[in-house]
Amino acid sequence: MTIAHLDHHGDVAVITLDNPPVNALSHAHRTSIVNHLKAAEADPAVRAIVLIGAGDAFCGGAEIREFNTPAALAEPITRQVAETAEGLGKPVIAAIHKVAMGGGLELALGCHYRVASPGASIALPEVKLGILPGAGGTQRLPRAVGAKAALDMIVSGEPMTSQAIAPLGLFEQIIEGDLLEGAVAFARQIADRGMPLRRLREEPVRGENLSDLIASTREQVARQWRGYPAPARCVDAVEAAIKLPFDEGIRFERKTFLELVETAESRALRHAFFAERAASKVPRLDPSVRGHRLDTVAVIGAGTMGSGIAIALANAGLPVVLTDSDAASLARGRAHIERAWTTAVERGRLDPAGQARRLALLTTTTELAAIASADLVIEAVYEDMAVKKAVFERIEAHVRADTILATNTSSLDVDAIAAASSNPARILGLHFFSPANVMRLLEIVRGRATSDDALATGLALARRLRKVGVVCGVCDGFIGNRMLEEYLRQAYLLVEEGATPRAVDEALEAWGFAMGPFRMMDMAGQDIGWAIRKRLSVEHPEKPYAQWPDRLCEAGRFGQKTGAGVYRYEPGSRDALPDPEADRLIAASVRAQGIAQRVVGAAEIVERCVLALANEGARILDEGIAARASDIDVVYVTGYGFPRYRGGPMWHADAMGLDSVVERLQSYATTRMGQTLSPAPLLVQRAAAGHRFNT
Ligand code: 3H9
């Protein structure tokens, strides 16, 4: 077993955390660190101790997979490891490189001194897992860097670089060059000079107006983190650090940690963490295939999507050639890109040098020949099969034989596009979400002929753009939009049956969705849904739609872009206002169909919409379009505003129990349009076998 080891560098003992990949603090690892600390303490030849990490991290924190198992509670727990270091009578120095997070940082806070390499990422990210730092972090960090900075870090979970946090008092030295050598020299200096052992537990929490700070943070958390229990508890714990003696604060932290780690929200957030990482492991793809080296990427089409993709590429440091055959569209696209970077500078998110670097990476041209040197071409033209095929033909006339070609279609058949190519193996789908420079999700569509090389290039691109790439097979709408169709079907039918659009939006927003379906479709454009319905109602006449949305579209109500959709919009505003005209059109449509409306409650709204997602997810899983249920969850959490603290539609169904899901879906069988919710075969099978989607 690979665990911490102890070496001697003269009179300095070096304990190396060694538990790949991130030196997480499993029970075995914790035990071995404590044993080495005690051995070093007992060894008269040792005058100081350095704790350092092997590989690419000092320490990524507690072993998350141990949570909710006996191993997490087995002593020494992480807090006791930090306490052992703090309690030693010889100086203990944490030497941090690359990553010190969660329990890893808490262990370092237990040490008497800390040094770091430049650029190390320092964080207490527990809140993102629905817990709080449970190994003394909420009590020691405010003592180390002051209450304000500590509260920011603990509540946001966001990392700071070692250089940025050093002046706040976390590090005694930033060591350029060899960290071990520097840390050993530093440790020897401390011992030589007989420097006092700095124990944070003995120091006061620094900062002014701390009650105001706690009160204002509490308010901000309540506004920003509806549905997430952990952020408010993080504030409580820092308040405890301010108000209580250290040991009482620690007891409060532990109790709160143990409560939070059992919550459904924490379990769901941890699922989301591992699901995102699992998505990069693709069945039937040799992990040694690295994909094409990307020196230049070309984007075809300078519309909203194409220019958003160009921004994302340049932001990641990739040279981009953006082309559009229409000079006016190209100019509009370029202006949009330049405006995005100017706004980022104005808001302090980008410095002028960064803006200049990005501009230098961007070439815009109407000449398709300019894509000749591209390693990857991403087509982002109008969503029409004939147009796409024609564009691919022209692209292929200009690029090298090994250039990877991607279509940014959101629903068209990638195999059909590839079939028109002389080399279908190099073609894949890269479905970006709008705005492409903001949204984290990238659906990577693996066609029948897509080569491993092309697929690996798509995955590497996702990593480069700091997006989550989810591989899916070819079907109408891929994972996300195919499920969305079922979700929207229910949302529209619920209005036909008697709910108001606002009630539907409010119910789903209260449940945790970032935006209700009608506000979302008003933003995306009701005409897009209309076009899809027209096509699908021919291809799948067995799947009924509510009719009122078409009536709205026929009246030119396409949403925000036309100032009216399901809601009304004042010029320049995105606020969805009630609109009696929309209500009138809906009522007229329902009357014309002779539908007897009824009272529809919030519980039914949420249940039908959310379970429709999971039900279609089951079909997608059954057909092999998604490799695993967690990939579907990742798509919904990162691309569709599904509440992360509920884990995703498949996780939610698992948490409900699949037999209950089947029972709830069947309960609608007798209602009008009940067949739209008939349980998918895989769902029924798994429920009958007592299995889950996420294994
Ligand atoms: C905590 O510390 C609680 C304490 O306060 C109290 C305790 C009582 N455990 O992200 P990557 C795996 S809570 C287990 O692709 P990167 C990860 O799943 C913890 N596994 O690499 C993946 O495995 P696989 C607080 C972990 O270089 C592999 O490592 N800490 C852990 O892009 C590589 O991960 C956090 O929340 C872990 N703690 O980023 C930090 N961490 O290869 C969470 C990682 O099988 N971790 N793995 O897919 C991270 O943010 C990133 O992983 C990190 C490296 C920045 C460390």
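Only one residue in Ala510, Ala514, Ala503 is of a type in the set (Gly, Ala, Ser) and buried (at least 17 other Cβ atoms within 10 Å of the Cβ). Which one?
On the way: Ala510 fails: buried (at least 17 other Cβ atoms within 10 Å of the Cβ); Ala514 fails: buried (at least 17 other Cβ atoms within 10 Å of the Cβ).
After applying the criteria, what remains is Ala503.
For the range 38-63, which residues satisfy the criterion of being within 25 Å of Ser121 (Cα to Cα) and buried (at least 18 other Cβ atoms within 10 Å of the Cβ)? So that I can check it myself, show each step before the final result.
Taking the range 38-63 as the starting set, the residues that turn out to be within 25 Å of Ser121 (Cα to Cα) are 49-63.
Selection gives Ile49, Val50, Leu51, Ile52, Gly53, Ala57, Phe58, Cys59, Gly60, Gly61, Ala62, Glu63.
Checking the structure you have, find out if any residue of the range 186-194 is under 30 Å from Leu621 (Cβ atoms) and either loosely packed, with under 12 Cβ neighbours inside 10 Å or modelled with pLDDT of 95 or more (or both). Don't jump to the end; show me each part of the working.
The initial filter retains those residues of the range 186-194 that are under 30 Å from Leu621 (Cβ atoms), namely none.
No, the range 186-194 contains no residue that is under 30 Å from Leu621 (Cβ atoms) and either loosely packed, with under 12 Cβ neighbours inside 10 Å or modelled with pLDDT of 95 or more (or both).
Determine the pairs where a residue that is in the same structural domain as Tyr567 (by TED's automatic domain parsing), located within the range 512-536, has a partner that is of a type in the set (S, T, N, Q) and in a helix (DSSP H, G or I) with Cβ atoms under 7 Å apart, the partner being 6 or more residues away or on another chain.
Short answer, once both residue conditions are applied: Asp522/Gln560; Met523/Gln560.
Go through (1) surrounded by fewer than 24 Cβ atoms within 10 Å (Cβ to Cβ); (2) small (Gly, Ala, Ser); (3) touching a strand residue (DSSP E or B) at 6+ places or on another chain (Cβ under 8 Å); (4) at positive phi and name the single condition Gly146 misses.
The single condition Gly146 does not satisfy is (3).
Answer yes or no: is there a residue in the range 64-77 that is hydroxyl-bearing (Ser, Thr, Tyr), surrounded by 23 or more Cβ atoms within 10 Å (Cβ to Cβ) and closer than 26 Å to Arg270 by Cβ.
Step one: list which residues in the range 64-77 are hydroxyl-bearing (Ser, Thr, Tyr), which gives 69.
In the following step, the residues that additionally are surrounded by 23 or more Cβ atoms within 10 Å (Cβ to Cβ) were identified as none.
Within the range 64-77 (the criterion being hydroxyl-bearing (Ser, Thr, Tyr), surrounded by 23 or more Cβ atoms within 10 Å (Cβ to Cβ) and closer than 26 Å to Arg270 by Cβ), the answer is no, since none of the residues qualifies.
Would you check which residues across the range 224-257 are farther than 30 Å from Gly641 by Cβ and of a type in the set (Phe, Trp, Tyr) and list them? Give the steps one after another, and end with the answer.
Quick first cut of the range 224-257, residues farther than 30 Å from Gly641 by Cβ only: 239-255.
Selection gives Phe246, Phe252.
Return the residues of the range 149-160 that are over 24 Å from Phe274 (Cα atoms) and either surrounded by 24 or more Cβ atoms within 10 Å (Cβ to Cβ) or within 13 Å of the ligand (Cβ to nearest atom) (or both); say none if nothing qualifies. Write out each step before concluding.
Step one: filter the range 149-160 for residues over 24 Å from Phe274 (Cα atoms), giving 149-152.
Matches in the range 149-160: Ala150, Leu151.
Within the range 280-298, can one find any residue that is closer than 30 Å to Ala72 by Cα, within 16 Å of the ligand (Cβ to nearest atom) and not hydrophobic (A, V, I, L, M, F, W, C)?
yes
Being over 33 Å from the mean Cα position of the chain (by Cα) and in the same structural domain as Ala462 (by TED's automatic domain parsing) narrows it down to one of Ala406, Ala416, Ala420, so name that one. Before the answer, list the steps.
Working: Ala406 fails: over 33 Å from the mean Cα position of the chain (by Cα); Ala416 fails: over 33 Å from the mean Cα position of the chain (by Cα).
When all the criteria are applied, what remains is Ala420.
How about the range 604-688: which helices (runs of 4 or more DSSP H) wholly inside it have at least 1 residues that are surrounded by fewer than 19 Cβ atoms within 10 Å (Cβ to Cβ) and in the same structural domain as Glu509 (by TED's automatic domain parsing)? Outline the logic, then answer.
On the way: elements: 629-639, 649-656, 658-666.
Fully inside the range 604-688 and qualifying: 649-656, 658-666.
Inside the range 101-192, counting only helices (runs of 4 or more DSSP H) that do not spill past its ends, which hold 3 or more residues that are touching a residue at least 12 places away in the same chain (Cβ under 8 Å) and either among the basic types (Lys, Arg) or touching a Cys at 6+ places or on another chain (Cβ under 6 Å) (or both)? It would help to see each step written out before you state the result.
Details: elements: 103-110, 137-145, 147-156, 162-165.
It comes to 147-156.
When you go through (1) surrounded by 19 or more Cβ atoms within 10 Å (Cβ to Cβ); (2) more than 10 Å from the ligand (Cβ to nearest atom) one by one for Gly134, which number turns out not to apply?
It fails just one condition, (2).
Scan the range 562-573 and report the pairs whose first residue is in the same structural domain as Leu585 (by TED's automatic domain parsing) and closer than 23 Å to Trp548 by Cα and whose second residue is basic (Lys, Arg) and surrounded by 20 or more Cβ atoms within 10 Å (Cβ to Cβ), with Cβ atoms within less than 6 Å and a gap of 6+ or a chain change.
If the second residue must be basic (Lys, Arg) and surrounded by 20 or more Cβ atoms within 10 Å (Cβ to Cβ), the pairs left are Ala564/Arg557; Gly565/Arg557.
Kindly establish whether Ala144 is within 13 Å of the ligand (Cβ to nearest atom) and not hydroxyl-bearing (Ser, Thr, Tyr). Quick ask: steps written out before the conclusion?
Details: within 13 Å of the ligand (Cβ to nearest atom): no; not hydroxyl-bearing (Ser, Thr, Tyr): yes.
It is false that Ala144 is within 13 Å of the ligand (Cβ to nearest atom) and not hydroxyl-bearing (Ser, Thr, Tyr).
Residues being surrounded by fewer than 24 Cβ atoms within 10 Å (Cβ to Cβ) and more than 10 Å from the ligand (Cβ to nearest atom): count how many of those fall in the range 121-131.
Residues in the range 121-131 being surrounded by fewer than 24 Cβ atoms within 10 Å (Cβ to Cβ) and more than 10 Å from the ligand (Cβ to nearest atom): 0 in total.
Name every residue in the range 369-398 that is in contact (Cβ under 8 Å) with a residue 60 or more places away in the chain and of a type in the set (A, V, I, L, M), in order of residue number.
Here is the first cut: in the range 369-398, the residues in contact (Cβ under 8 Å) with a residue 60 or more places away in the chain are 370-371, 373-382, 391, 395.
Hits for the range 369-398 are Ala370, Ile371, Ala374, Leu376, Val377, Ile378, Ala380, Val381, Val391, Ile395.
Looking only at the range 286-318, count every residue that is modelled with pLDDT under 95 and within 24 Å of Pro21 (Cβ to Cβ) and tell me the total.
6
If a residue has to be out of contact with any Pro (no Cβ under 9 Å at 6 or more places or on another chain), among the hydrophobic types (A, V, I, L, M, F, W, C) and surrounded by fewer than 24 Cβ atoms within 10 Å (Cβ to Cβ) to count, how many in the range 86-119 make the cut?
Residues flagged as out of contact with any Pro (no Cβ under 9 Å at 6 or more places or on another chain), among the hydrophobic types (A, V, I, L, M, F, W, C) and surrounded by fewer than 24 Cβ atoms within 10 Å (Cβ to Cβ) within the range 86-119 amount to 1.
Hey, can you tell me all the residues within the range 101-120 that are closer than 28 Å to Gly194 by Cβ and near the ligand (Cβ under 9 Å from one of its atoms)?
Passing the criteria: Leu105, Glu106.
The values are calculated or read from the model by the stated rules, or taken from the named source; none is laboratory data. The shown structure was predicted, so the numbers you read here are calculated from the model rather than taken from an experiment. Ideal geometry is used to build each Cβ from the backbone, glycine not excepted, and the neighbour counts take in all protein chains shown.
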